């Protein structure tokens, strides 16, 4: 590879017109010097080629890329040479026209030749190294190519959150006195075997009057492996001491005990993409992320699903420049919203089957079957509208009363619940029940409770992202849910209780600001109103912060996010909630403030 300066010097040296006889000796010496220059340049060229060969042998540069570099350099040198020859010929012609008698003899002094020599070495080194670095960064070869293949197929993600949370109870809220507090902790009552058993452990009642300040944290580490084209597997670990489906928080205050680590995700995923990289369908299996377009009114942001799901898409307008260049944010970039698959100008359908609990010696396992259809399109410029309708069918989760002194239906008690859903006793202290005696509960009280209603939930979610203010997005979200599985007559017949249907829920939310918080000074804020009746959704899976979790609640949410550094931001939220239907004429009002410091890898 010969640089421009060297080629010009050599070519100029070779264009020696006829000279006087007394200059022959000088001409001979000049030719010898030119020959020496050519030999040195050939040596330099061979050295460079050999250096590239060493790169190839060491695995720092693949053979095809090396050949491309040499070929490109030679082509560039040839083009430069032609340009300089033409320029030199033109200059000679002009000089001859001005002074026909002038003899043009080009002589290159030693100091000029030395300067050219050093310039050649410097140019070769700089150009080769710069081009190798640029190509290595863009095409991800070079040093990583010498590493084992599996390293390039592993992606590590992680995030950490520190939270300060304070709950305030309004004056007049039920006290902690057992006679004045009808808000029982039914999950603890079921676990301990009855009201009295739970009371003896100070676990019978929910906190409804004592303000509480808690510090919490959550650290998560995820590893995704690209097994082959379209197929990947992943696992995510999380610190937690709650082991709740809707929260992986680690509450501080363990007397210095070590933290526990739980497997939050473990899945295999297959994505089918065509030649234009359009994703036509995705299939997920294992413990997976929320596959539905939804809000935290129905499914908590921390909830993972166990089972199998698939999303199928039909694309349109994919040749449109706006669609091609559209940048979609992460599905959960706005806290509390799950936007689902990010594929503008498409119609989609998601189907899922999730086992909730295996029942021993029975075929009546608990399941969740779900289906959702929707559309996602760019309405005008980058304005984006998305709407979806879903049906969630929970099987075998309602309570079934045990026969007298029988226990065959104990399995119908839920493994997890928060509060709000209507409950009925599965075992009752009636004087005959050997598992529900006076030592467990008072006469007439239950020792084991289950859900009164079936849950067949119809859910419609709509989002409109308005981008008319530059980088500032205005996102409007509306969510509605209805439980059509509530059967008042069946409940009255089986459990001799009349429960008024409370089966509707809705939420409206307005977000303003950046789509994602990635850098310093990124921001967004939101306001939402939620109305969540007692049996509208399953209280086990809804948001765990609003009204301290569960259903039978209404109220406002205000929130803001602000980026304080790269991938570091603060999240501040305020919840003002009240119970919709007082329990035994005891209303419950709770205000909650959370301040989160978030970081991500």
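The values are calculated or read from the model by the stated rules, or taken from the named source; none is laboratory data. In this text, all values refer to a predicted model and were calculated from it rather than measured experimentally. Neighbour counts run over all protein chains shown; Cβ positions are idealised from the backbone, glycine included.
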Determine whether residue 541 is surrounded by 15 or more Cβ atoms within 10 Å (Cβ to Cβ) and part of a loop (DSSP other than H, G, I, E, B).
yes
Would region 417-424 turn up any residue that is surrounded by fewer than 21 Cβ atoms within 10 Å (Cβ to Cβ) and touching a strand residue (DSSP E or B) at 6+ places or on another chain (Cβ under 7 Å)?
no
What number of residues within region 253-293 are farther than 23 Å from residue 237 by Cα, in contact with a strand residue (DSSP E or B) (Cβ under 6 Å, 6 or more places away or on another chain) and outside any strand (DSSP E or B)?
2
Within region 425-444, track down each residue that is surrounded by fewer than 21 Cβ atoms within 10 Å (Cβ to Cβ), in contact with a helix residue (DSSP H, G or I) (Cβ under 7 Å, 6 or more places away or on another chain) and either closer than 20 Å to residue 411 by Cα or without any contact (Cβ under 8 Å) to a residue 24 or more places away in the chain (or both).
none
Applying the selection to region 329-347, what residues are surrounded by 15 or more Cβ atoms within 10 Å (Cβ to Cβ), without any contact (Cβ under 8 Å) to a residue 60 or more places away in the chain and under 20 Å from the mean Cα position of the chain (by Cα)?
331, 338, 340, 342, 344
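Could you please give the count of residues in region 237-252 that are in contact (Cβ under 8 Å) with a residue 60 or more places away in the chain and either assigned to a strand (DSSP E or B) or in contact with a helix residue (DSSP H, G or I) (Cβ under 6 Å, 6 or more places away or on another chain) (or both)?
Counting residues in region 237-252 that are in contact (Cβ under 8 Å) with a residue 60 or more places away in the chain and either assigned to a strand (DSSP E or B) or in contact with a helix residue (DSSP H, G or I) (Cβ under 6 Å, 6 or more places away or on another chain) (or both) gives 2.
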Kindly indicate whether residue 515 is crowded, with 21+ Cβ neighbours inside 10 Å and within 30 Å of residue 558 (Cβ to Cβ).
no
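Among the residues of region 476-488, is there at least one that is out of contact with any strand residue (DSSP E or B) (no Cβ under 6 Å at 6 or more places or on another chain) and in a loop (DSSP other than H, G, I, E, B)?
Yes, that holds for at least one residue.
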From (1) modelled with pLDDT of 90 or more; (2) farther than 17 Å from residue 291 by Cβ, pick out the condition that doesn't hold for residue 382.
(1)
If the requirement is being surrounded by 24 or more Cβ atoms within 10 Å (Cβ to Cβ) and either part of a strand (DSSP E or B) or free of Cβ contacts under 8 Å to residues at least 24 places away in the same chain (or both), which of these qualifies: 498, 461, 467?
461
Conditions (1) surrounded by 17 or more Cβ atoms within 10 Å (Cβ to Cβ); (2) in a loop (DSSP other than H, G, I, E, B); (3) free of Cβ contacts under 8 Å to residues at least 40 places away in the same chain -> residue 361 fails only (1)
Return the pairs, sorted by first residue and then second, in which the second residue is in a loop (DSSP other than H, G, I, E, B), the first residue lies in region 263-275 and is touching a residue at least 40 places away in the same chain (Cβ under 8 Å), the beta carbons are less than 7 Å apart, and the residues are 6+ apart or on different chains.
264/248; 264/304; 265/289; 265/304; 270/230; 271/230; 272/230; 273/230
Qualifying residue in region 482-493 (condition: surrounded by fewer than 17 Cβ atoms within 10 Å (Cβ to Cβ), in contact (Cβ under 8 Å) with a residue 24 or more places away in the chain and under 20 Å from residue 373 (Cβ atoms)):
yes
Assess whether residue 406 counts as being out of contact with any strand residue (DSSP E or B) (no Cβ under 7 Å at 6 or more places or on another chain), part of a strand (DSSP E or B) and surrounded by fewer than 22 Cβ atoms within 10 Å (Cβ to Cβ).
no
Name the residues in region 302-328 that are in a helix (DSSP H, G or I) and either without any contact (Cβ under 8 Å) to a residue 60 or more places away in the chain or under 26 Å from residue 569 (Cβ atoms) (or both), would you?
321, 323, 324
Selected residue (criterion: nearest to the chain's Cα centre (by Cα)) from residues of region 562-575 that are farther than 11 Å from residue 520 by Cα and either modelled with pLDDT under 95 or surrounded by 17 or more Cβ atoms within 10 Å (Cβ to Cβ) (or both)
571
Helices (runs of 4 or more DSSP H) wholly inside region 146-221 containing at least 1 residues that are in contact (Cβ under 8 Å) with a residue 24 or more places away in the chain and closer than 24 Å to residue 439 by Cβ:
186-192, 195-200
Would it be correct to say that residue 421 is at pLDDT 95 or above, closer than 26 Å to residue 409 by Cα and part of a loop (DSSP other than H, G, I, E, B)?
yes
Take region 186-208 and flag every residue that is within 25 Å of residue 591 (Cβ to Cβ) and either modelled with pLDDT of 95 or more or crowded, with 19+ Cβ neighbours inside 10 Å (or both).
186, 187, 188, 204, 205, 206, 208
